[in-house]
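J.: Starting off with a structure, shown below.
The values are calculated or read from the model by the stated rules, or taken from the named source; none is laboratory data. In this text, all values refer to a predicted model and were calculated from it rather than measured experimentally. Positions of Cβ are backbone-derived with ideal geometry, glycine not excepted, and every protein chain shown enters the neighbour counts. The accessibility values were calculated without ligands, DNA or RNA, using every heavy atom of the protein model including side chains. Shrake-Rupley method; radii C 1.70, N 1.55, O 1.52, S 1.80 Å.
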Amino acid sequence: MSPAMDEKIEPIYQSVIARNPGETEFHQAVKEVLETLGPVLVKNPEFAHYKIIERICEPERQIIFRVPWVDTHGKVQINRGFRVEFNSALGPYKGGLRFHPSVYLGIVKFLGFEQIFKNALTGLPIGGGKGGSDFDPKGKTDGDIMRFCQSFMTELYRHIGEHTDVPAGDIGVGGREIGFMFGMYKRITNQWEAGVLTGKGLNWGGSLVRTEATGYGATFFVDEMLKVRKDSFDGKTCVVSGSGNVAIYTIEKIHQLGGKVVACSDSAGYIYDANGIDLALVQQIKEVERRRISAYADERKSAKYVAGGNIWEVPCQVAMPSATQNEINGKDAATLVKNGCIAVGEGANMPTTPEGVKVFLEAGIAYGPGKAANAGGVATSALEMQQNACRDSWDFEYTENRLQKIMENIHRDCYNTAEEYGAPGNYVVGANIAGFIKVSRAMLAMGVV
Ligand code: GLU
């Protein structure tokens, strides 16, 4: 169970709420971390003296800008762009860009805040940042996407750089968008600066395994949690929400490890296939044709599509939420536990509400929070940066091996830290404290900056 917030930390949290009004997702992400830090201040009073928590909660820089562009019909469109450069104690700001109509400052800040600790957990030299836009890529032509990305980059370019801030993808931003943005950055700066963006194409500076990394990494993390319990994916029935990049490669790795994924979804509904999801078909529908997941049931008679349905009602032993924030509430979590779920690995960022997390922790199931479980994506971005820095490219096997080792290390770090702080098996406590300590030590060493 999460301990109640320490009395020295509570006023810091209250001030975060007062200083950032209306940013509910940011408040939620901060609360979840601050609740676990009480014992850290007892062991490290210098963190309180140097106001490390207050400093970590305040982004180093927040950029908000206009993104004007002209659509296919010649109509002028205006969107809002964001980049929040949260913390650079451990390396250049690093984190994705999200293009989704729900994006506003509160979403970018929750993601940026979580990114600080996630990136620290990877053990690689990357700070935390996040950005995006309220632009909705759904139903847009390739031309619209290109013009939007170009306009977005005409402002963003002045804030980023391989040693400053290195964006990548997130929801609504994949290889196509990174390509358009890299092209515009290259044109404006007259630099072929590979390390300025990650998630690039494989023939122009990208890294093998980056596309698969978040899903593979989350599955490796769950596999580690299962191993601790002398268990494995073999023969397990699994449910993976979403059908984007994270979900697709989670399904692939679960199948490789002997599990069977029977359901996945998009924002309109879910598909259920008792024979196991046919990944090639999902990839054809989502990655090639960019259609809705309902098309799966049209093509595959063994499957049913449940419009507007709740995927968490599908009984499973392992659940991997890989769609978006707050997709599992307290009731969903209770349903999962009641139906025999023994492990949850978060491919998405903050997909479980605080009530849901409480249910999982009280039930004592293996619960891997996003900032640990989905760190494989950004970790492989850091591997892409390494390859770019030495103008090299590694093969698939070697890169996947590096990713797997990183996930094993993150798991071990979280597991051991939770034990050390008196909360054995609690990966929320382990991930928050282990990530926080890494960042805090670097901040202490660098003085008040
Ligand atoms: N958007 C991903 C995340 O949530 C990856 C970020 C990156 O590769 O920089 O961690």
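J.: Which order do Thr211, Thr352 take by accessible area at a 1.4 Å probe, largest first?
T.: Thr211, Thr352
J.: For the range 201-279, rounded, prolate or oblate, judged on the Cα gyration tensor with a ≥ b ≥ c (square roots of eigenvalues), a/c < 1.5 rounded, else prolate if a/b > b/c?
T.: Note, shape of the range 201-279 comes out oblate.
J.: Could I ask something else about it? Using a Cα distance threshold of under 19 Å, what count of lysine pairs results for the range 240-348 when pairs must be 8 or more residues apart or interchain?
T.: The number of close lysine pairs in the range 240-348 is 5.
J.: In the range 382-449, which trypsin sites (Lys or Arg not before Pro) fall in coil by DSSP and have 13 or fewer other Cβ atoms within 10 Å?
T.: Answer by residue number: Arg391.
J.: Skipping prolines and chain starts, which residues have an amide H placed within reach, meaning under 5 Å, of the one on Arg291, given they are 5 or more residues away or on another chain?
T.: Distant-sequence amide H within range of Arg291: Lys286.
J.: On to the next question. So between Asp234 and Arg55, what do we pick up on full extension, going 0.36 nm a residue minus the alpha carbon distance?
T.: Here the segment from Asp234 to Arg55 would lengthen by 60.0 nm.
J.: When you count, for each residue, the other Cβ atoms within 10 Å and take the mean per peptide, how do 418-430, 374-386 rank with the highest first?
T.: Ranking the peptides 418-430, 374-386 by packing returns 374-386, 418-430.
J.: Straight-line reach only, C-alpha to C-alpha below 20 angstrom: list the aspartates and glutamates that Lys75 could link to, leaving out same-chain residues fewer than 8 apart.
T.: Counting by Cα, and skipping residues close in sequence, Lys75 has these aspartates and glutamates nearby: Asp134, Asp136, Asp142, Asp144.
J.: For the range 151-238, which trypsin sites (Lys or Arg not before Pro) pass both filters: DSSP loop (anything but H, G, I, E, B) and at most 10 other C-beta atoms within 10 Å?
T.: Lys230
J.: Also, I was wondering about something else. Under 27 Å between C-alpha atoms is the cut-off here; go through the range 98-250 and count lysine pairs that meet it, provided they're at least eight residues apart or on different chains.
T.: Pairs that pass both the separation and distance tests number 19.
J.: May I pose another question? When only the heavy atoms of the protein chains count and the probe is 1.4 Å, how do Thr72, Thr189 rank by accessible area, highest first?
T.: Thr72, Thr189
J.: Right, another one. Evaluate Rg over Rh across the range 286-438, taking Cα atoms for both radii and Kirkwood's formula for Rh.
T.: For the range 286-438, the value is 1.04.
J.: Based on alpha-carbon centroids, what's the gap between the range 255-307 and the range 174-212 in Å, whole number please?
T.: After rounding, the separation between the Cα centres reads 30 Å.
J.: Would you list, by chain and number, the aspartates and glutamates whose Cα falls below 14 Å from the Cα of Lys358, excluding same-chain residues fewer than 8 positions away?
T.: Straight-distance partners of Lys358: Glu32, Glu35, Asp332.
J.: Can you tell me how the range 55-111 classifies by the Cα gyration tensor, rounded, prolate or oblate, using a/c under 1.5 as the rounded cut?
T.: Prolate, because a/c is 1.5 or more and a/b exceeds b/c.
J.: Determine Rg/Rh for the chain; Rg is computed over alpha-carbon atoms and Rh is the Kirkwood hydrodynamic estimate from the same atoms.
T.: Reported Rg/Rh, Kirkwood definition of Rh: 0.95.
J.: Over all directions, how big on average is the projection of the convex hull of the alpha-carbon atoms in the range 96-151, in square nanometres?
T.: 4.6
J.: Let me ask something additional. Assign one of three labels to the range 324-405, namely rounded, prolate or oblate, based on the Cα gyration tensor with a ≥ b ≥ c the square roots of its eigenvalues; rounded applies when a/c is under 1.5, prolate when it is not and a/b is larger than b/c, and oblate otherwise.
T.: prolate
J.: Would you kindly find the accessible area of Met446, with a 1.4 Å probe and non-protein molecules such as ligands, DNA and RNA excluded, rounding to the nearest 10 Å²?
T.: 100
J.: List the lysines whose Cα sits under 22 Å from the Cα of Lys8, skipping any in the same chain fewer than 8 residues away.
T.: Cα-Cα hits under 22 Å: Lys31, Lys43, Lys51, Lys438.
J.: How big is the antiparallel share of DSSP beta bridges in the chain, given as a percent to the nearest 5?
T.: In the chain, DSSP labels about 60 percent of beta bridges as antiparallel.
J.: Based on DSSP, what percent of beta bridges with both residues in the range 143-273 are antiparallel, to the nearest 5?
T.: Within the range 143-273, antiparallel bridges account for around 65 percent of the total.
J.: If R₀ is 41 angstrom, what is the calculated FRET efficiency for the pair Asn326 and Ala445, using the beta carbon separation as r and rounding to 0.05?
T.: So the FRET efficiency works out to roughly 0.70.
J.: Per 0.36 nm of contour for each residue apart, how much would the distance between Thr164 and Lys405 grow if the chain were fully extended, relative to their Cα-Cα spacing?
T.: Extending this stretch completely gives an extra 84.1 nm.
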